[in-house]
Amino acid sequence: METWQGEEWVVRQVGGGAAAKHYRCPGCDQEIPPGVAHVVAWQQHMGADDRRHWHKACWNARDRRSAKLQRSRNAPRY
């Protein structure tokens, strides 16, 4: 459990061997490919259905990240 923006968040580390799908990081809006260790986080009151997959560095820098980041023109849309 971590507190962020006045909310309680459930935070779990996912090892590279357990990461089997592509995800889009909300911190940088870039892809997290299969096999890359990352962080899964969701607000405690929202439940695991609203979890988001973050790069570890993006999660650690989440207070400095903007929600208005835009994907480059050539980035894949997932």
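Every read-out reported here was derived from the displayed coordinates using simple, explicitly stated rules and does not represent laboratory data. None of these values were measured; they are calculated from a predicted model. No Cβ is skipped: glycine too gets one built from the backbone with ideal geometry, and neighbour counts run over all protein chains shown.
Assorted remarks:
- Less than 5 angstrom separates the built amide H of Trp9 from those of Glu2, Thr3, Trp4, Gln44, all sequence-distant by 5 or more or on a different chain.
- Label positions at Glu7 and His22, each projected 7 Å from the Cα along the C-beta direction, are separated by 2.6 nm.
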